[in-house]
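What follows is a set of notes on a single structure, which appears directly below.
The values are calculated or read from the model by the stated rules, or taken from the named source; none is laboratory data. Quantities reported herein were computed from a predicted structural model and do not represent experimental measurements. Don't worry about glycine lacking a Cβ; one is built from the backbone with ideal geometry, like all the others, and counts go over all protein chains shown.
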Amino acid sequence: HPLNPIWDNQFMTLLEQGRIQELDAVSNEELSAIAGKSTHEIKTWVAAFAAISAFGNWRSEGRYYRPIPEWIAGFGSLSARTEN
């Protein structure tokens, strides 16, 4: 699968905005077609943000993304914390 920084950044924006339901609606087949061998990572990110959402209000912080063409991958980091 080719590197897709546009999709990677859109995905991170959905996480930041708490739009987990939209990500939940993506089928396994569609996600595999988009994310390839990183499908498990995408599912892990969604699970992590769904878990923090269960604790109430939260905010994201520390977003970082860098495409790494040599690895045919993007490197991203996004943290969040509860506001309770």
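Answer yes if at least one residue in the range 11-25 is part of a strand (DSSP E or B) and either β-branched (Val, Ile, Thr) or on the phi < 0 side of the Ramachandran plot (or both), and no otherwise. No, the range 11-25 contains no residue that is part of a strand (DSSP E or B) and either β-branched (Val, Ile, Thr) or on the phi < 0 side of the Ramachandran plot (or both). The single condition from (1) polar (S, T, N, Q); (2) out of contact with any Ser or Thr (no Cβ under 7 Å at 6 or more places or on another chain); (3) at pLDDT below 95 that ASN9 fails is (3).
Scanning the range 69-84 for residues that are without any contact (Cβ under 8 Å) to a residue 12 or more places away in the chain and in contact with a strand residue (DSSP E or B) (Cβ under 9 Å, 6 or more places away or on another chain) gives a single hit, PHE75. Taken over the range 34-84, residues that are under 13 Å from ASN9 (Cα atoms) and part of a loop (DSSP other than H, G, I, E, B) amount to 0. Residues considered: ALA35, ALA54. Of these, the only one that is loosely packed, with under 13 Cβ neighbours inside 10 Å and either touching a residue at least 12 places away in the same chain (Cβ under 8 Å) or more than 11 Å from ALA80 (Cα to Cα) (or both) is ALA54.
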